[in-house]
Amino acid sequence: MVDPRPPRHVRIVHLTAPVFHALARGDLAAANSVSPVPLSPYFAGPEWSRVWQIRSEQVEQDPASAAWVTGVIWDEEQQVTHAALAGSCSTCSLRICHTLLHSGPAK
């Protein structure tokens, strides 16, 4: 059966060291001022604070790791971040913004 819906245009957008540092401080406004895409308050929530602290330290020690450690799933049409991928290729995990999962473009 062919899906009648048009294809989604999503991509993984990698974050930079300044974004990791701002999110590690819990400063969403600062993170959004340097992020390649707007981040929702979900990314500054308590379930992410330890991830951003780890990533902030990691990119300080290994700046090249910013290219693969954590990225956000960006919907080109809806202009919204849906989730974030965290970890290396072998240990990747996916966290989905539950408010988006149950409403709107992430259905």
Filtered residues of the stretch 10-42 (kept if touching a residue at least 12 places away in the same chain (Cβ under 8 Å) and under 14 Å from Ile54 (Cα atoms)): Leu15, Thr16, Ala17, Pro18, Val19, Phe20, His21, Ala22, Leu23, Ala24, Gly26
Any helices (runs of 4 or more DSSP H) falling wholly within the stretch 3-61 and containing at least 3 residues that are in contact with a Pro (Cβ under 9 Å, 6 or more places away or on another chain): 28-34
When residues of the stretch 6-50 are limited to those that are of a type in the set (D, E, K, R) and under 17 Å from Ile73 (Cβ atoms), the one surrounded by the fewest Cβ atoms within 10 Å (Cβ to Cβ): Glu47
Restricting the stretch 55-79 to residues that are aliphatic (A, V, I, L, M) and modelled with pLDDT under 90, the residue that is surrounded by the most Cβ atoms within 10 Å (Cβ to Cβ): Val72
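The values are calculated or read from the model by the stated rules, or taken from the named source; none is laboratory data. Just so it is clear, the structure is predicted and the values come from calculations on it, not from any experiment. Quick reminder, even Gly has a Cβ in these numbers, built from the backbone with ideal geometry, and neighbours come from all protein chains shown.
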